[in-house]
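Peer 1: What follows is a structure written as structure tokens; I'll ask about it next.
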Amino acid sequence: MVGTKTAHSPIGKRPRVVIIGAGVIGLGMAWRLAARAEVLLFDRGEAGAGASHAAAGMLAACAEAEPGEEDLVALGRDSQAGWPAFADELLQATGIDVELRREGTLVLALTSDDQATLAHHLEFQRKLGLPLEWLSAAQTRVKEPHLAGKLAGAVFSPQDHQVDNRKLSAALRVAAETAGAKIHEHKTVKEISVQGVRATGVVLDDGTSVPADRVVLAAGAWSRGIAGLPPDRRPPVRPVKGQMFALRMDANAPLLNHVLWAPGAYLVPRRDGRLIVGATVEEKGFDETITAGGMLTLLEAAWRAIPAVEELPIEEIWVGHRPGSRDDAPILGRAPVENLFYATGHHRNGILLAPVTADAMAKLILDDVVEPAIKPFGLERFLPARAAE
Ligand code: GLY
């Protein structure tokens, strides 16, 4: 991995860890670290208000697996397996139920062309041993009676579940604070302080210096903009804009129970009757514009899959910015200076990967142990071979 050794604190002294970014990644790490470290989180806005708030909460380690993403699939499966215990532990620690729903995911084929594309994907996904199965049109309709009158079938992914990501942020915040972490909101970190080969803390945009024994960069789409390191050593993370909206169903008679990937949109039903529909994928920087075209595409795709959505009220429309790395996988590990760590670039998978990131990064930061699951995700994969040595 990039970087050199982590200096361990003198015996008896709790190291101070500064985490930049209080989304689900930063909060999860803070929760795991706070028993053994003094943890300070800084966020440019409110905790959990960035991509963690905008997300849909899908835990899609199987249905979204693409060729070339074998390591990412393994990481996702690892995290997925840990989700039930993570949700239970959060409930015990905070009293907040993050609503892990276990109906699974359907990937819908409306036409025979859709079916051919899914069959091609399924062949690859099965080679990875992922538990996906093809359902006929009739079998699909038994699972979801409100689907369009004409459909070809669906891939069923029985282990791709969902959580309420907004409740997750709220729970992680309580868990982290109860464990002793201090969260500083609306405090933008301008710069990582580096002396020689070592990170020594951060500087806020009001000029305040905050010394630290370890610094963790978990600022999502904003990670690259934080000064202190040369540009080629900053994590290559960019914002990937997504427009989304929520409809309101009758919670006692929902139109949908599974997470549904339809051609052109996904639909995620919440227990309270919200139906989340997303998302566009746009390379527009931090643009926050809601466009007619974006809404039209999503609405039409949702309506083709479930015609009855046309009767539902629109409750909320929003934009989020996924932290996309150059290969769409997260950057987890040591940075190119001592005592600095990266946990960013989770792109479409931040909610899924929150448990494994929290656990593996806590071990790395405090015990200097690199878990095998995160080994492929260091920054060095983006650096010229000699620079990474
Ligand atoms: N994971 C869903 C999205 O990125 O839109």
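The values are calculated or read from the model by the stated rules, or taken from the named source; none is laboratory data. Keep in mind the model is a prediction, meaning the values are calculated, not measured. All Cβ positions, glycine included, derive from the backbone under ideal geometry; neighbour counts span all protein chains shown. Heads up: the accessible areas ignore ligands, DNA and RNA and are worked out on the full protein's heavy atoms, side chains in. Shrake-Rupley method; radii C 1.70, N 1.55, O 1.52, S 1.80 Å.
Peer 1: Taking every DSSP beta bridge that has both residues in the chain, what percent is antiparallel when rounded to the nearest 5?
Peer 2: About 70 percent, rounded to the nearest 5.
Peer 1: For the chain, build the charge dipole from Cβ charges (+1 Lys, Arg; -1 Asp, Glu) around the Cα centre, then report which of A362, Q162, L27 sits farthest towards its positive end.
Peer 2: A362
Peer 1: Here is a further query. Between Q195 and D367, what is 0.36 nm times their sequence separation minus the Cα-Cα distance? Round to one decimal in nm.
Peer 2: 59.6 nm
Peer 1: Only helical DSSP H runs with n ≥ 4 go in: add -39500 (n - 2.57) per run for the chain, normalise by residue count and round the 222 nm mean residue ellipticity to 500 deg cm²/dmol.
Peer 2: -9000 deg cm²/dmol
Peer 1: Shifting gears a bit: Restricting things to alpha carbons, find the Rg to Rh ratio for the range 90-156 using the Kirkwood radius for Rh.
Peer 2: 1.15
Peer 1: Using a 1.4 Å probe over the heavy atoms of the protein chains, calculate the carbon and sulfur portion of the accessible area of the range 94-159 as a whole percent.
Peer 2: Carbon plus sulfur share of accessible area: 54 percent.
Peer 1: For N257 and I317 in the same chain, what is the full-extension length gain: residue separation times 0.36 nm, less their Cα-Cα distance, in nm?
Peer 2: 19.5 nm
Peer 1: Over the range 158-211, what relative contact order in percent results from Cα pairs under 8 Å that are six or more residues apart?
Peer 2: Answer for the range 158-211 is 20 percent.
Peer 1: Let me ask another. Provide, for q = 0.21, 0.22, 0.23 Å⁻¹, the log10 of I(q)/I(0) from a solvent-free Debye sum over equal Cα point scatterers in the range 151-253.
Peer 2: Values, matching the q order: -1.29, -1.33, -1.37.
Peer 1: Something else about it: Keeping all protein chains in place, calculate the accessible area per residue for the chain (probe 1.4 angstrom), answer in Å².
Peer 2: About 41 Å² of surface per residue is accessible.
Peer 1: A further question follows. Would you please put 93-104, 142-153 in order of how densely packed they are, using the mean number of other Cβ atoms within 10 angstrom per residue and starting with the highest? Before the final figure, lay out the partial values.
Peer 2: On the way: 93-104: 17.3, 142-153: 15.6.
Descending mean neighbour count gives 93-104, 142-153.
Peer 1: Oh, and also: How would you order 217-224, 167-174 from highest to lowest mean count of nearby Cβ atoms within 10 Å?
Peer 2: Values: 217-224: 25.9, 167-174: 23.6.
Output ranking for 217-224, 167-174: 217-224, 167-174.
Peer 1: Next question, about the same structure. Based on the Kirkwood radius over alpha-carbon pairs, what value in µm²/s does the Stokes-Einstein equation return for the translational diffusion coefficient of the chain at 4 °C and 1.567 mPa s?
Peer 2: Working: Rh = 21.5 Å.
So the translational diffusion coefficient is about 60 µm²/s.
Peer 1: Can you tell me which of 85-91, 277-283 comes out highest on packing, and rank the rest after it, using the mean Cβ neighbours within 10 Å?
Peer 2: Final packing ranking: 277-283, 85-91.
Peer 1: Find, among the trypsin sites (Lys or Arg not before Pro) in the range 257-307, those assigned to loop by DSSP (not H, G, I, E, B) with at most 15 other beta-carbon atoms within 10 angstrom. List each step's numbers first, then the result.
Peer 2: Working: sites: R270, R271, R274, K284, R304; in loops: R270, R271, K284.
Qualifying residues, ordered by number: R271, K284.
Peer 1: Given a 1.4 Å probe and every protein chain left where it sits, what share in percent of the accessible area of the range 349-389 is carbon and sulfur?
Peer 2: Numbers: 900 of 1640 Å².
Summing carbon and sulfur atoms, their accessible area is 55 percent of the total for the range 349-389.
Peer 1: Okay, moving on. Give me the distance between the Cα centres of the range 218-264 and the range 28-81, rounded to whole Å.
Peer 2: Their Cα centres are 11 Å away from one another.
Peer 1: Suppose accessible area is computed on protein heavy atoms with a 1.4 Å probe; arrange R234, R322, R248, R214 from highest to lowest.
Peer 2: These residues rank, largest area first, as R248, R234, R322, R214.
Peer 1: Express in nm, to one decimal, how much length is gained between T289 and T117 on full extension, taking 0.36 nm for each residue of separation and deducting their alpha carbon distance. Don't skip to the answer; put the middle values down first.
Peer 2: Numbers: separation 172, 0.36 × 172 = 61.92 nm, distance 3.18 nm.
Taking T289 through T117 to full extension adds about 58.7 nm, to one decimal.
Peer 1: Considering only protein heavy atoms and a probe of 1.4 Å, how much of the accessible area of the range 227-322 is carbon and sulfur, as a whole percent?
Peer 2: 57 percent
Peer 1: Hey, another quick one. Excluding R16 itself, what net charge comes from residues whose Cβ is under 10 Å from its Cβ, given Lys and Arg +1 and Asp and Glu -1?
Peer 2: Cβ neighbours under 10 Å give a net charge of +1.
Peer 1: Right, another one. Please report, in debye to the nearest 20, how large the charge dipole of the range 155-239 is about its Cα centre when each Lys and Arg carries +1 at its beta carbon and each Asp and Glu carries -1 there.
Peer 2: On the way: 12 positive and 9 negative charges, 26 e Å.
For this selection, approximately 120 debye.
Peer 1: Another question about this same structure. In nm, give the distance between the simple-model label positions of L91 and A308, each being 7 Å from the Cα along the Cα-to-Cβ direction.
Peer 2: 2.8 nm
Peer 1: Then there is this: Looking at this model, which pairs from K167/K187; K13/K375; K150/K284; K284/K363; K182/K375 are more than 32 angstrom apart at the alpha-carbon?
Peer 2: Among K167/K187; K13/K375; K150/K284; K284/K363; K182/K375, the Cα-Cα distance tops 32 Å for K150/K284; K284/K363.
Peer 1: Hey, got a sec? Which chymotrypsin sites (Phe, Trp or Tyr not before Pro) in the range 234-320 land in a DSSP loop and have at most 16 other Cβ atoms within 10 Å?
Peer 2: Loop-located and lightly packed - F286.
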